[in-house]
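Shown next, in structure tokens, is the structure this report addresses.
Derivation of every value follows stated rules applied to the coordinates shown; laboratory data play no part. On a predicted model such as this, the values are computed, not experimentally measured, just so you know. Every residue, glycine among them, receives a Cβ derived from its backbone with ideal geometry; neighbour counts consider all protein chains shown.
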Amino acid sequence: MHLIEVPAVAISGQPGNVPGVPRAGLHFRSAATMGFDMSRQSPFGHPFLLGFDGIEQALDRVAKAPSDGWPPYNIERLTRTEQEPERLRITLAVAGFTRDQLEVSLEENQLVIRGKQQLEDKTRQFLHRGIAARQFQRTFLLADGMEVLGADLSNGLLSIDLVRPEPERIIRKIDILARDRA
């Protein structure tokens, strides 16, 4: 059975006192009062999935992370060539930022990109200001084993290439100890 989290809707007063709700006398009940189980089931709660706690925590962290959508970015998969392995490329639109105003760092398993422009020149008088001049921080959570190959700034686009090395296939036989109980 799949559970869907639905927030309870509470409306006080007479029907129609809430904008967008017609005066037809609609009655709202929360999913909990209708007998639905509102507890969140973990997709990693199956007994055959062992050691996936970190993935669940990462999903929770990503779901709760605030994002204002700036700067805009693309993530693309670059196919394998004879010289290069398959890679991911994150490209951020950072027009107006110089190389010295950008910082790319790897903090544990998070790729953090920060942009900080210089203090504004107070002698400039704008008649219209439509170009954003603000700081930003964009964070990407990386899977275990992902490596950052490098970063490149060209024509207002910051590109960061990532690769996941092919894992070694390891097969190991586990000895079984026989203990006689006497």
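Within 10 Å of each residue's Cβ, count the other Cβ atoms and sort ILE170, ILE90 from fewest upward. Can you show the working numbers first?
Details: ILE170 5, ILE90 20.
Least crowded to most crowded, the residues run ILE170, ILE90.
As a footprinting exposure proxy, order SER159, SER105 by other Cβ within 10 Å, with the fewest listed first.
With the fewest neighbours first, SER159, SER105 line up as SER105, SER159.
Using a basic spin-label model with each label point 7 Å from the Cα along Cα→Cβ, how many nm lie between ALA93 and ILE174?
5.2
Using the count of nearby Cβ atoms within 10 Å as a rough guide to exposure, how do VAL94, VAL148 rank from fewest to most? Don't jump to the answer; show the numbers that get you there.
Working: VAL94 20, VAL148 15.
Ranking VAL94, VAL148 by Cβ neighbours within 10 Å, fewest first, gives VAL148, VAL94.
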